[in-house]
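One structure below.
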Amino acid sequence: MSPAEEVVLTDELGRRTGTAPKAEVHHAATPLHLAFSAYVFDAHGALLVTRRAAGKRTFPGVWTNTVCGHPGPGERLSVAVARRAADELGLPVDGLRLVLPQFRYRAQMGGVVENELCPVFVGRAGGTGHRDDPGARPDAGGDIRLAVDPSEVGGAEWVPWADFAGDVIHGRRAVSPWCALQVAQLVTLGPDPAQWPAADPALLPPACPPEPGWPLH
């Protein structure tokens, strides 16, 4: 993470109020700010789930959705998702769709608070990772190769969506607080993630820059 990287602060209506250094924004009184989460699937409907690196300030070592992050000031959400998936996993993402435009959560661990407006996206793994990394290996997602950044990701695995969602809903699998809340909402969209409807981008927080050609399909 670059010390110069910034996040977008918002008010309770999701309007931009300023920016803050990403390295400093999370503390005991974290201000509300923009983030995103993405769920990336392979061609057979398996979800790529990741384990947060052991060195993360909050929820280290906890399993979660494919990728999370923060858009920079003026950065489109679709660009931010692609950036983080490439940086953390060496993974291109295709077919990105907005599915939960108004998701918001607050969580706390060790006195550090997560306090985010966090729209949720679903997408498809786009072939092979782009890094020339001798540590990259084929995963259960067919020919998809990952090249994880160990400072961000402590592990990754492909899991059938029905299995993952059922285990999370029924408490058989521990995941991050935001992932648990998101899964509870995602299952209401239907059993097949490929058929989840794209949400109206007008429901996004006003601080999000517009995206040409939305809704994305």
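Would you mind pulling out the separation of the Cα centroids of the range 10-33 and the range 141-217, in Å?
Here the answer is 23 Å between Cα centres.
Need the full-extension length gain, residue 169 to residue 57, defined as separation in residues times 0.36 nm minus the C-alpha distance. One decimal, nm.
Result: 37.8 nm gained on full extension.
With r defined as the distance between the Cβ atoms of residue 149 and residue 19 and R0 fixed at 25 Å, what FRET efficiency is calculated, to the nearest 0.05? Working shown, then result.
Working: r = 24 Å, r/R0 = 0.96.
Calculated transfer efficiency: 0.55.
Using Stokes-Einstein with the Kirkwood hydrodynamic radius over Cα pairs, what translational diffusion coefficient do you get for the chain at 25 °C and a viscosity of 0.890 mPa s, in µm²/s rounded to a whole number? Numbers along the way, then the final one.
Details: Rh = 17.4 Å.
Translational D for this selection: 141 µm²/s.
Could you give me the percent of Cα pairs per 10 Å distance bin for the range 1-87, shortest bin first, beginning at zero and ending with the bin that holds the maximum distance?
Taking all Cα pairs of the range 1-87, the binned fractions are 15, 43, 33, 8, 0 percent.
Which of 196, 178, 161 has the fewest other C-beta atoms within 10 Å, and how do the rest follow up to the most?
Fewest to most other Cβ atoms nearby, the residues stand as 196, 161, 178.
Can you tell which of 100, 89, 13 shows the greatest fluctuation in a Gaussian network model of the chain with Cα springs below 10 Å?
With Cα springs under 10 Å in the chain, the top fluctuation among 100, 89, 13 is at 13.
Quick note: the coordinates plus some simple rules give every number you see, no bench work behind them. Small disclaimer: the values here were computed from a predicted structure and weren't measured. Please note: Cβ atoms are built from the backbone with ideal geometry, for glycine as well, and neighbour counts cover all protein chains shown.
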